[in-house]
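A quick write-up on the structure given underneath.
The values are calculated or read from the model by the stated rules, or taken from the named source; none is laboratory data. What you are looking at is a predicted structure, and each value in this text was computed from that prediction instead of being measured. No Cβ is skipped: glycine too gets one built from the backbone with ideal geometry, and neighbour counts run over all protein chains shown.
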Amino acid sequence: MTTITSYGQMTEEKLVRQVGYIKYENIVFYNGQKVKNVDIGTFESLDQIYAKDKNHVYCNGEEIENLKPEDFIYLGDYYVKYKNEVHYSGKKLEEADFASFVFLGNYYAKDSNSAYMGGRKIDGADVVSFEPLTHFYSKDKYAVFLVAKKVEASEPETFEVLNAKYAKDKHNVYFWGEKIENADAPSFITLDEEYAKDKNRVYYNSRPLENADPKTFEILDNPYSKDKNHVYCNWLENGIVEKADVKTFKTFGVYYAYGYAKDKHHVYYNGKILEDKKPKDFIPPSPDRIDL
């Protein structure tokens, strides 16, 4: 929750645009609207939906009627329990079991009957063996799930999350939960969030870079990469920067030069040759020279 202590920090126009709970001169606002009957000294925001003070509990800026703060249980990540009910982000979870419902972290929860992610029931999950992984993956002894969807053909025992996009098990490689056809799982490794490779191919966001050599492949400044044979640019349909000289091709290593590169023959922007530029004296435009 944001606390504003002076007029200089917040105008009325800015206040209306604020999301969630905000304290301003002994008043609490929710999404720009005044919250009624607040005890300002004990008020605390729990997330962008729930808040409480010594007298009341609030949901979406409104007091929850006939609920004492001591009877309210905030579990985390928008999960709450009260009046023998479980709620997520202001909505009742109709099938949740109040007594056994527990928060697992990272938007996951479970009770004696079901597992949940972001308030959504994960159909088919085995509650006893269910466990959250990272990057919104989870698993039980029978299956792997991404968010609340089963990852088909996955093997839970050997499944590992590599980063936010890639994962693999003993047999297969996955990109956001979808199997990458013909990827070699034993040799598959990630190079960053977008690039990966196995013994046979290089991948960009799961798409194979045709003719790329895994052994010599290296990532340059976005959107470029290269190997012993070619220079590649993500913006090009076929991926290959035509006429680029691999040995002398280089990027500039500064954020404002995104898209620019050169070799001994040409200057490039997003993989296309700039015919009117000479590589010998070319300097990428700095921020104060770029028209925004």
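Got a number for residues in the stretch 19-38 being part of a strand (DSSP E or B) and among the basic types (K, R)? Let's see the steps before the verdict.
Just the residues of the stretch 19-38 that are part of a strand (DSSP E or B), to begin with: 21-24, 27-30, 33-34.
The next check asks that each one be among the basic types (K, R); those that pass are 23, 34.
So the count comes out to 2.
Considering only residues that are surrounded by fewer than 17 Cβ atoms within 10 Å (Cβ to Cβ) and in contact with a Gly (Cβ under 9 Å, 6 or more places away or on another chain), which ones fall in the stretch 169-209?
Across the stretch 169-209, the qualifying residue is only R207.
Restricting to strands (runs of 3 or more DSSP E) lying wholly in the stretch 102-158: which have 1 or more residues that are under 22 Å from E193 (Cα atoms)? Give the derivation first.
Details: elements: 102-105, 108-110, 115-117, 137-139, 144-146.
Result: 137-139, 144-146.
Filter the stretch 75-109 down to the residues that are within 24 Å of the chain's Cα centre (by Cα) and among the aromatic types (F, W, Y), then identify the one that is nearest to D123 (Cα to Cα).
Taking the candidates together, the pick is Y108.
Can you name the residue in the stretch 39-71 that is touching a residue at least 24 places away in the same chain (Cβ under 8 Å) and in a loop (DSSP other than H, G, I, E, B) and is also nearest to Y24 (Cα to Cα) among such residues?
So the residue we want is G61.
When both residues are 6+ apart or on different chains and their Cβ atoms are under 8 Å apart, which pairs have a first residue that lies in the stretch 86-107 and is within 19 Å of Y137 (Cα to Cα), and a second that is surrounded by fewer than 19 Cβ atoms within 10 Å (Cβ to Cβ) and hydrophobic (A, V, I, L, M, F, W, C)?
Note: pairs meeting the criteria are V102/L75; F103/L75.
Could you please let me know if D221 is at pLDDT 95 or above, assigned to a loop (DSSP other than H, G, I, E, B) and within 23 Å of the chain's Cα centre (by Cα)?
Judged against the criteria, D221 is a match.
Quick test of your reading of the structure: Y203 fulfils all but one of (1) touching a residue at least 12 places away in the same chain (Cβ under 8 Å); (2) assigned to a loop (DSSP other than H, G, I, E, B); (3) out of contact with any Asp or Glu (no Cβ under 8 Å at 6 or more places or on another chain). Name the failing condition by number.
The single condition Y203 does not satisfy is (2).
Does W235 qualify as being farther than 30 Å from K280 by Cβ and hydrophobic (A, V, I, L, M, F, W, C)?
On the way: farther than 30 Å from K280 by Cβ: no; hydrophobic (A, V, I, L, M, F, W, C): yes.
No: the conditions fail for W235.
I'm trying to understand the selection: among the residues of the stretch 145-176, which are within 11 Å of I122 (Cβ to Cβ) and of a type in the set (V, I, T)? First the steps, then the outcome.
Here is the first cut: in the stretch 145-176, the residues within 11 Å of I122 (Cβ to Cβ) are 145-150.
Residue satisfying the conditions is V147 alone.
Which members of the stretch 84-101 meet the condition of being part of a loop (DSSP other than H, G, I, E, B) and surrounded by fewer than 20 Cβ atoms within 10 Å (Cβ to Cβ)? Reasoning before the result, please.
Applying the first criterion (part of a loop (DSSP other than H, G, I, E, B)) to the stretch 84-101 yields 84, 89-90, 93-101.
Those that are part of a loop (DSSP other than H, G, I, E, B) and surrounded by fewer than 20 Cβ atoms within 10 Å (Cβ to Cβ): N84, S89, G90, E94, E95, D97, F98, A99, S100.
Filter the stretch 235-258 down to residues that are buried (at least 18 other Cβ atoms within 10 Å of the Cβ) and small (G, A, S) and give me whichever is modelled with the lowest pLDDT. Walk me through it before giving the result.
To start, the set of residues in the stretch 235-258 that are buried (at least 18 other Cβ atoms within 10 Å of the Cβ) comprises 239-241, 244, 249, 251.
Remaining after also requiring small (G, A, S): 239, 244.
Numbers: G239: 92, A244: 98.
Result: G239.
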